Each structure stands twice: as C-alpha cells, then as structure tokens.
1. Of all trypsin sites (Lys or Arg not before Pro) in the stretch 1-99, which ones are in loop regions per DSSP and have a Cβ with at most 10 other Cβ atoms within 10 Å?
2. Give the aspartates and glutamates whose C-alpha is closer than 17 Å to that of LYS49, dropping any in the same chain fewer than 8 places away, or say none.
3. Once fully extended, how much extra length lies between GLU5 and MET131, figured as 0.36 nm per residue of separation less the alpha-carbon to alpha-carbon distance?
4. What does the extension gain come out to for ASN148 and ASN102, with contour length at 0.36 nm per residue minus their alpha carbon separation?
5. Which of LYS44/LYS181; LYS134/LYS182; LYS103/LYS162; LYS51/LYS186; LYS7/LYS42 have a Cα-Cα distance over 28 Å?
6. Residues of the stretch 60-100 with backbone nitrogen within less than 11 Å of a virtual label 7 Å along the Cα-to-Cβ line of LYS115, please, listed as ranges.
7. Which of rounded, prolate, oblate describes the stretch 79-136, given a ≥ b ≥ c as roots of the alpha-carbon gyration tensor eigenvalues and a/c under 1.5 marking rounded, otherwise prolate only if a/b is larger than b/c?
8. Using the 10 angstrom Cβ neighbour count as an exposure proxy, how do ASP138, ASP116, ASP130 rank, fewest first?
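No lab work stands behind these numbers, since they all come straight from the coordinates. Just so it is clear, the structure is predicted and the values come from calculations on it, not from any experiment. Ideal geometry is used to build each Cβ from the backbone, glycine not excepted, and the neighbour counts take in all protein chains shown.
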Amino acid sequence: MALPELKEELPWLTEVGSQSLQYALRCLQNGFDNFFAKIKKKIKKGFPKFKSKHHKDSFRVLQKIHIRDNRVIIPKFIEGIDYIPDPRKIEGKIKFATISKNKAGQYHIAITVAKDIQPLPKNDSVVGIDMNKKAIVDSNGRKYFNPNPAKKHKDRVRVLQKALSRTKKGTKEQVESNGRKKARLKLAKLHLHIYNIREDCLRLRER
C-alpha cells in the first residue's frame, strides 16, 4: 500500500510532515533488507517487529527546523512550539531533530547538528578514584556523596506498584481504564524523579 493510501486509511498520519513518514518507511525497508540478508547468510533470524502507534511515541524531522525566541518551528507546526532551552547553545548546522514523549507524559526534542570539533590539548595529569556505595573520593580529596534516590523512594515505589496492579488491565478490544492510566502515570513520574536525581548528581561530578 502506498503512503497516500495509508494517509486516507489512517488520518492521524497527517499529523506529521511527509519527510518524517518517508523516513519511517526507509527504516522499515532497512529492517527487512537486514532480515533477508541474515537469512541468506544463515545468521540469526530477526524478523522486524510490529510497532504500533503507541509502541514508541517519537518521530524524526529531517528538514525546515528553526529555533526562534525559545520556540521550535518544524513542518506542521509553523507557529512554533514553546520549549525550555538547554543551557548548552546550539552550535553548528542543524541536521535533524527527534521529538519523543516519555512514559511520564513529557515531550523532549533532541537536535543533531554538524559541527567541526577540534581535539583538546593533551593532559598528562592522573586522578585516582575510589568508588563505594556512600560516596566517590578522588586523589585530590574531593568527595561526591551518592544520594541513592532508589533506596530513599523505594517505599513509595512499592505503594504505587501495588496501586497499579489493582487496576483493570486493558485488552486488544478494550483500552485500559482511566484509573490504570492515572496509576501508571504516577509511577512513571516517580521513576523519572529518581532518574533525574541520579543524572543531576552525575552532571555535578563532571563539573
């Protein structure tokens, strides 16, 4: 079935630009090409897996990407989308952008650029690191304590997991109940909070 026919059968495909749909078809073609190539070589068989609309909420934009006044302008969203900019500035020519939605209901945009990066000067200094559960200590005397967010919030995670297990599961004919959606979202937000604490700690250590 051709792409125009698919758009008529599935109207939600028109929510993104045609370039994004064509890129998804190329990825599908590459998946089948790799599958048949492995069969000919008698290697591990890996038939491409079916990916539904809700399998992974993301799409890639390949052209006409602009950043103006803290707004992202892409095809189908010419008025722009408000976003919280990263402290790091976008340097170089924008090649493509990937917009995704995580399990906590948050949207993120990853922008890939082409940039000439020069190698850093050589550094002969050596730092020894002692890693343990409570902290990381280096040979310069700096100590980085481990916040251990998973242990701190384990009781809350257990409560939310029990609440989720008590809700009604969905089937192929019937989607999951609103109560299960809310419970799943609460648990996903807590896991995201734990992840963010861990990532913030690692970024502070890098500085």
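1. LYS41, LYS42, LYS44, LYS45, LYS49, LYS53, LYS56, ARG88, LYS89
2. Reachable aspartates and glutamates: ASP33, ASP57.
3. Numbers: separation 126, 0.36 × 126 = 45.36 nm, distance 5.78 nm.
Length difference between fully extended and current span is 39.6 nm.
4. Length gained, ASN148 through ASN102: 14.3 nm.
5. LYS44/LYS181; LYS134/LYS182; LYS7/LYS42
6. Flagged as within label range: 88-94.
7. Values: a/c = 3.53, a/b = 1.43, b/c = 2.47.
Here the stretch 79-136 falls in the oblate category.
8. ASP116, ASP130, ASP138
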